[in-house]
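All remarks here apply to the structure that follows.
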Amino acid sequence: MNKIDMLIEDGTVFDGTGSEPYEADIGISSDKIAFVNKKSGVRSRKSKVTADRIIDARNLAVAPGFIDTHSHSEFTLLADPCAEGKVCQGITTEINGNCGLSAAPLYGEASLQREDDLKALGIRERWSTFNQYFHILKKRGIAINFATLAGHGNIRASAIGYENKIPDEIALRKMKTFLKKAISEGALGLSTGLIYPPGIYSKTEELIELCKVLSESCNPYLYTSVLPRPLFNSHFSKGARLPSVEQGHRGVGGFGIYTTHMRSEGDRLLESIEETIRIGMEAGIKIHISHIKTSGRENWNKIGRALSLIEEAGKQGVSLTCDAYPYTSSSTDLDTVLPSWVYSGGREGELERLKNTSLREKIKKQILAIHPAKDYWKKISISSVSSEKNRWMEGRSLYDIASFQGKEPVDILCDILIEERLMVSAIFASMHERNLKKFLSLPCCMIGTDSAARSFSGPTYKGKPHPRGFGSFPRFLGKYVRGEGLIGMSEGIHKITVLPARRFGIHKRGIIKRGAYADIVIFDYTKIIDKPTYKEPFTKSEGIYYVFVNGVPALRDGQLTDSKSGRILRHGR
């Protein structure tokens, strides 16, 4: 009689491929799935095995562990490796290094820029390369699997700092060397944050040249579409079977991907999508738009043209995907409201300009010219500060804070940034529900939290962060898939398992199949739903009972286990 570590009995298996669910027993041995025994009229193979533990999964869904395609946990996992907010929503793998910010490379000004962040989390270790960072992370132990992109911001700042200038031939060669080293050490691709310094200073041609490094060194495919079907659900029957992972569509797998927080998600949204497509075409690289949205009421009507651009790119053979989080408010650094010229010179240069009386007046004038309405300030809420003095501001809008202090909101903006040394996060109410649903329903759209891993206590239990860091995946499955029927459950699970695994080249994960790694989620598909809110983000979602990471339970009977069975997932390994 065969012996296994774990037997999951009688579950309704959504294997990640998009096929219809089926009842099966799943055996786990060590870190792998030993067998998947589909139920039939004959005697099940489960009677021929013994297991150290048996889980009764009757009337429960058994799915691959969810993959967070857009995470920012580089530093928080060093401060607290438990990642409780991610585990409790079924996430077993994160893709980090997004928006141009990654754990490495960190040289020169890039390293100095991160000092305040590291100190705020109590992180004592320092490093320069991915190999050094991975060594520290592995020694610490992590609850979930960690994959990463190489941040363009790190690469540019390490080469030429935070100045607004075009890299010369020598500097560009240095940037390419940093990128090649990052890929050789395990990075999955290149990310940009084109609203943040120093990425905001880069020209399209610079990004194309860097992306060519990826296409030359690690991407076996050039111009291929991501899925052999239309991008819009209206173009195919609702119950249509999705492509299975075994079909091996060109352009879905392979290494080397360019992901981007585009230059604009609002006023210049369409031009930004066009730039992204151009980079993909000229560099011969897969492209991925991060947290796609139409930001700002005046831009909501651009949804049709944005979708048309994406669809046309696919027809032209551009391999394009995207991700989104299932909320209509975004969150990022508060200083993104400032004019771009203020950022030059890094953190200290930015602070000097804010403190300069004449420059501050210039800053305020430019902001008010773009955002003259007072309602604008009602839609920006402080989510976290670094000082105890201003802790009371968390959860309040800039408009309310200004009213309380008898000042103008734009002055409050500048004051807070100075007092907190720019370490202020904010939540921006800027999106439309209808447009969000259109993006979520795209077959090429995945789900990302756009959040760092945090826990319900300890050093990452701070502020009032966006609830997406605790509820994105239960909200997607519970509200939009089950509740509103936006897409079917099989397709919904495909979008958060097989699709991202293949897109980012993560092997043997994101699928329920013999020989795959035992990253598994067991949940009640009739009850799964998010519970975190903007006022109370540190809240567990409902309906998820078990989460296995490499065969080890990180969540058992709905309770966290504090296991550290996560692994570092590197390109080509």
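Values as computed for the structure displayed
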| quantity | calculated |
| --- | --- |
| Residue check, S128 outside any loop (DSSP other than H, G, I, E, B) and surrounded by 14 or more Cβ atoms within 10 Å (Cβ to Cβ) | no |
| Test set (1) closer than 30 Å to I303 by Cβ; (2) touching a residue at least 12 places away in the same chain (Cβ under 8 Å) - P372 fails condition number | (2) |
| Residue in the stretch 60-81 that is farther than 20 Å from E491 by Cβ, in contact with a Ser or Thr (Cβ under 9 Å, 6 or more places away or on another chain) and outside the structural domain of L477 (by TED's automatic domain parsing) present | no |
| S40 vs. criteria over 25 Å from A453 (Cα atoms) and part of a loop (DSSP other than H, G, I, E, B) | yes |
| Residues of the stretch 25-59 classified as β-branched (V, I, T) and either modelled with pLDDT of 95 or more or assigned by TED's automatic domain parsing to the domain that holds D519 (or both), total | 6 |
| Residues that are under 8 Å from I142 (Cα atoms) and surrounded by 24 or more Cβ atoms within 10 Å (Cβ to Cβ), drawn from the stretch 72-82 | L77, C82 |
| Counted residues, the stretch 412-452 - those being among the charged types (D, E, K, R), touching a residue at least 24 places away in the same chain (Cβ under 8 Å) and either assigned to a loop (DSSP other than H, G, I, E, B) or farther than 30 Å from G485 by Cβ (or both) | 4 |
| Checklist (1) touching a helix residue (DSSP H, G or I) at 6+ places or on another chain (Cβ under 8 Å); (2) touching a residue at least 60 places away in the same chain (Cβ under 8 Å); (3) assigned to a loop (DSSP other than H, G, I, E, B); (4) surrounded by fewer than 20 Cβ atoms within 10 Å (Cβ to Cβ) applied to N59, failing item | (1) |
| Selected residue (only one of A143, A51 is part of a strand (DSSP E or B) and more than 26 Å from H261 (Cα to Cα)) | A51 |
| Complete set of residues in the stretch 417-448 that are touching a Leu at 6+ places or on another chain (Cβ under 6 Å) and among the small types (G, A, S) | A426, S441 |
| Whichever residue in the stretch 476-487 is touching a helix residue (DSSP H, G or I) at 6+ places or on another chain (Cβ under 8 Å) and in a helix (DSSP H, G or I) and, among such residues, is nearest to A120 (Cα to Cα) | F476 |
| Total residues in the stretch 420-438, condition under 18 Å from E265 (Cα atoms) and of a type in the set (S, T, Y) | 1 |
| Hits in the stretch 193-207 (condition: closer than 14 Å to A157 by Cα and in a loop (DSSP other than H, G, I, E, B)) | L194, Y196, P197, P198, S202 |
| Failed condition for S455, given (1) assigned to a loop (DSSP other than H, G, I, E, B); (2) of a type in the set (G, A, S); (3) more than 29 Å from A150 (Cβ to Cβ) | (3) |
| Conditions (1) under 14 Å from C445 (Cα atoms); (2) of a type in the set (A, V, I, L, M); (3) in a helix (DSSP H, G or I); number of the one not met by A313 | (1) |
| Flag if K464 is surrounded by fewer than 24 Cβ atoms within 10 Å (Cβ to Cβ), assigned to a helix (DSSP H, G or I) and in the same structural domain as D80 (by TED's automatic domain parsing) | no |
| Some residue of the stretch 488-500 being small (G, A, S), in a loop (DSSP other than H, G, I, E, B) and either without any contact (Cβ under 8 Å) to a residue 12 or more places away in the chain or over 18 Å from K438 (Cβ atoms) (or both) | no |
| Matching residues, the stretch 102-125, being over 21 Å from the mean Cα position of the chain (by Cα), among the aliphatic types (A, V, I, L, M) and surrounded by fewer than 21 Cβ atoms within 10 Å (Cβ to Cβ) | L112, A120, I123 |
| Total residues in the stretch 147-189, condition of a type in the set (S, T, N, Q) and either more than 19 Å from S111 (Cβ to Cβ) or in contact with an Asp or Glu (Cβ under 8 Å, 6 or more places away or on another chain) (or both) | 4 |
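To keep it simple, each residue is scored yes or no on (1) in a strand (DSSP E or B); (2) in the same structural domain as R454 (by TED's automatic domain parsing).
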| position | (1), (2) |
| --- | --- |
| P532 | no, yes |
| K535 | no, yes |
| Y545 | yes, yes |
| F548 | yes, yes |
| A554 | yes, yes |
| R570 | no, no |
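Results for (1) within 21 Å of L334 (Cα to Cα); (2) out of contact with any strand residue (DSSP E or B) (no Cβ under 7 Å at 6 or more places or on another chain); (3) surrounded by fewer than 24 Cβ atoms within 10 Å (Cβ to Cβ), shown as yes or no for each residue.
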residue: T449; (1), (2), (3): yes, no, no
residue: F456; (1), (2), (3): no, yes, yes
residue: T460; (1), (2), (3): yes, yes, no
residue: L477; (1), (2), (3): no, yes, no
residue: G488; (1), (2), (3): no, yes, yes
residue: I493; (1), (2), (3): no, no, no
residue: I496; (1), (2), (3): no, no, no
residue: A501; (1), (2), (3): no, no, no
residue: G510; (1), (2), (3): no, no, no
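Yes/no matrix, rows are residues, columns are (1) at pLDDT below 95; (2) under 30 Å from S217 (Cβ atoms); (3) under 21 Å from the mean Cα position of the chain (by Cα); (4) surrounded by fewer than 17 Cβ atoms within 10 Å (Cβ to Cβ):
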{"site": "I522", "(1), (2), (3), (4)": "no, no, no, no"}
{"site": "Y525", "(1), (2), (3), (4)": "no, no, no, no"}
{"site": "Y534", "(1), (2), (3), (4)": "no, no, yes, no"}
{"site": "T539", "(1), (2), (3), (4)": "no, no, yes, no"}
{"site": "V552", "(1), (2), (3), (4)": "no, no, no, no"}
{"site": "L555", "(1), (2), (3), (4)": "no, no, no, no"}
{"site": "S563", "(1), (2), (3), (4)": "no, no, no, no"}
{"site": "G566", "(1), (2), (3), (4)": "no, yes, yes, no"}
{"site": "L569", "(1), (2), (3), (4)": "no, yes, yes, no"}
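Yes/no per residue for (1) touching an Asp or Glu at 6+ places or on another chain (Cβ under 9 Å); (2) assigned to a helix (DSSP H, G or I); (3) hydroxyl-bearing (S, T, Y):
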{"position": "I367", "(1), (2), (3)": "no, yes, no"}
{"position": "A373", "(1), (2), (3)": "no, no, no"}
{"position": "I382", "(1), (2), (3)": "yes, no, no"}
{"position": "S387", "(1), (2), (3)": "yes, no, yes"}
{"position": "G395", "(1), (2), (3)": "no, no, no"}
{"position": "Y399", "(1), (2), (3)": "yes, yes, yes"}
{"position": "A402", "(1), (2), (3)": "yes, yes, no"}
{"position": "V410", "(1), (2), (3)": "no, yes, no"}
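The values are calculated or read from the model by the stated rules, or taken from the named source; none is laboratory data. Values in this document were obtained by computation on a predicted structure and should not be read as measured data. Cβ coordinates were reconstructed from backbone atoms using ideal geometry, including for glycine residues, and neighbour counts include every protein chain displayed.
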